[in-house]
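This report refers to the structure that appears directly beneath it.
The values are calculated or read from the model by the stated rules, or taken from the named source; none is laboratory data. The structure presented is a predicted model; accordingly, all values stated were derived computationally and were not measured. Glycine gets a Cβ as well: all are built from the backbone with ideal geometry, and neighbour counts include every protein chain shown.
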Ligand SMILES: [Zn+2]
């Protein structure tokens, strides 16, 4: 639910100034050497002289790069398959079936329905002592009404009104799965101890999965979590992330019905309470901190005009910098809701907490290890077709048409400062990051300069842009897993940072109350409405090399000339 891209674009300028870490001693890119047909380096120089490094590490990393590269076809299939399911939060059942079948075949132990979420799952594999345990997560849910043909640089839905991957969550599992399969093979062959735990971010758009995963104890043995999320660059950061903490709450009012024309004086409209709550929030907004973000939709506005609505509800996302500020915003909401009920002589029936998330804080030692691997792997090589699609959609939406980024950031991005913090999107990875050392790897499967949570953000997601971006991500993920497995100091440093820096003065308190359960009914109605239409478009890799081929789409398909930028609905901008 967070256009991380925005944050990244916004903050990248600042990070140029921040200048934090020097990994000057990174050996020449192993992938580049191997691509030129060179023999893998036997034992490259140790990057940091004082850290005891397993002598096998550099050779294993060079091997891992070759092994991940050899699975490019598998990355493409997973990315395309999940794209074709186009599932919304809590309804990711085709994705669950496909991924768990794949991982079971690879020898992972599967559990479904984790944390009371039917569409959730875990896949686990252990070797030797089982330590260290690395958890690998990535979101899997889509965006309502974001359906669009992939590879097409203008509005052209596959299923009109249907959901789609307008956030790119169809790509992250490919990164983790391929990295995990490769590292597992190396661990088995070389008898390396450790545990790999794969899991999905369910209903991330509702911020309604990860706090429940934490509460279920899923991460109680985890040493490090490597989360990954689609972006338009390859990179990682440490410290306060700059994302907003969030509380999602639905306020449900109850009144009494009456004939809206015959006896309106006998009715008490729950919709009146909802409208007044929204209106009051707009007045209150003037007196809130500029950094807050709050927005709402009316989930229940009654059934039909001639019946005074006896029930109505309004669903808010409250976002602020941290837990206490977000809770304070929620308290304002509660007070306004009570006032709205009083004014309309209705009852504030229920306040349902539907989701939540802490603002993430990422592990510095893990980010440093990963940043070195980002430098080794580098950005994918885009071709003219990739750049044509990127520039085509940028022009279509009236954004600067600079295409896709070609270079990784040389400098590791550090912590956001409270003074600079201006708020923005959220990700419930924050809840995990406050319980175990965690980072988010961004990989470049999307196009810069797009609105986020929009059909335009879906168009690259089953094209070579997404495939190459996820493959680069899988390489970084695999290399970092090997660093963690073979360098105990990385894990020790991560926990030292977690205990003595990150959580020194801030202790995790979940937003969710003991009585809150995952709202797994969300989106069931939308998916039921579109399921039959969506099924016709499920990807069949036994018949078609790529999803674009199955759909008969020429890549890329862009307007020959954009006369004037088109808006979101494909009409001329006013
Ligand atoms: Zn996301």
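Sort out which residues of segment 409-434 are under 22 Å from the mean Cα position of the chain (by Cα) and away from the ligand (no atom under 16 Å from the Cβ), and write them in order of number.
Step one: filter segment 409-434 for residues under 22 Å from the mean Cα position of the chain (by Cα), giving 409, 412-416, 421-434.
Answer for segment 409-434, where residues must be under 22 Å from the mean Cα position of the chain (by Cα) and away from the ligand (no atom under 16 Å from the Cβ): 409, 412, 413, 414, 415, 416, 421, 422, 423, 434.
A quick yes/no check of all residues on (1) in contact with a helix residue (DSSP H, G or I) (Cβ under 6 Å, 6 or more places away or on another chain); (2) surrounded by 11 or more Cβ atoms within 10 Å (Cβ to Cβ):
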{"site": "276", "(1), (2)": "yes, yes"}
{"site": "279", "(1), (2)": "no, yes"}
{"site": "283", "(1), (2)": "no, no"}
{"site": "286", "(1), (2)": "no, no"}
{"site": "294", "(1), (2)": "no, yes"}
{"site": "301", "(1), (2)": "yes, yes"}
{"site": "304", "(1), (2)": "no, no"}
{"site": "307", "(1), (2)": "no, yes"}
{"site": "311", "(1), (2)": "yes, yes"}
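How many residues does segment 152-172 hold that are touching a strand residue (DSSP E or B) at 6+ places or on another chain (Cβ under 6 Å) and more than 24 Å from residue 99 (Cα to Cα)?
As a first pass, look at segment 152-172 and keep what is touching a strand residue (DSSP E or B) at 6+ places or on another chain (Cβ under 6 Å): 152, 166-169, 171-172.
After this cut, where a residue has to be more than 24 Å from residue 99 (Cα to Cα) as well, the list is 152.
Number of matching residues: 1.
Being in contact with a helix residue (DSSP H, G or I) (Cβ under 7 Å, 6 or more places away or on another chain) and assigned to a loop (DSSP other than H, G, I, E, B) is the filter here; which residues of segment 488-518 pass it? Lay out the reasoning, then the answer.
Of the residues in segment 488-518, the ones in contact with a helix residue (DSSP H, G or I) (Cβ under 7 Å, 6 or more places away or on another chain) are 490-491, 493-494, 497, 509-512, 517-518.
Hits for segment 488-518 are 509, 510, 511, 512, 517, 518.
Out of all the residues in segment 362-381, which are over 23 Å from the mean Cα position of the chain (by Cα) and surrounded by 19 or more Cβ atoms within 10 Å (Cβ to Cβ)? Break it down stepwise before answering.
As a first pass, look at segment 362-381 and keep what is over 23 Å from the mean Cα position of the chain (by Cα): 376, 381.
Within segment 362-381, 376 is the sole residue that qualifies.
In segment 435-445, what residues are within 13 Å of the ligand (Cβ to nearest atom) and either part of a loop (DSSP other than H, G, I, E, B) or outside the structural domain of residue 204 (by TED's automatic domain parsing) (or both)?
Correct list: 445 only.
Would you check which residues across segment 348-391 are in contact with a strand residue (DSSP E or B) (Cβ under 9 Å, 6 or more places away or on another chain), more than 28 Å from residue 136 (Cα to Cα) and in the same structural domain as residue 409 (by TED's automatic domain parsing) and list them?
Listed by number, the list holds a single entry, 389.
Every residue in segment 206-233 that is in a helix (DSSP H, G or I), within 16 Å of the ligand (Cβ to nearest atom) and surrounded by fewer than 24 Cβ atoms within 10 Å (Cβ to Cβ), please.
206
Quick one: is residue 223 modelled with pLDDT of 95 or more, over 26 Å from residue 127 (Cβ atoms) and assigned by TED's automatic domain parsing to the domain that holds residue 121?
no
For segment 400-424, which positions are modelled with pLDDT of 95 or more and either surrounded by fewer than 23 Cβ atoms within 10 Å (Cβ to Cβ) or part of a helix (DSSP H, G or I) (or both)? Reasoning before the result, please.
So the first thing to find is which residues in segment 400-424 are modelled with pLDDT of 95 or more, and the list is 400-412.
The answer is 400, 401, 402, 403, 405, 406, 407, 408, 409, 410, 411.
Rundown of residues vs (1) assigned by TED's automatic domain parsing to the domain that holds residue 196; (2) touching a residue at least 60 places away in the same chain (Cβ under 8 Å); (3) more than 21 Å from the chain's Cα centre (by Cα), yes/no style:
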site	(1), (2), (3)
393	yes, yes, yes
407	yes, no, yes
447	yes, yes, no
450	yes, yes, no
464	yes, yes, no
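Filter segment 302-338 down to the residues that are free of Cβ contacts under 8 Å to residues at least 24 places away in the same chain and out of contact with any strand residue (DSSP E or B) (no Cβ under 8 Å at 6 or more places or on another chain) and list them by number.
303, 304, 324, 331, 335
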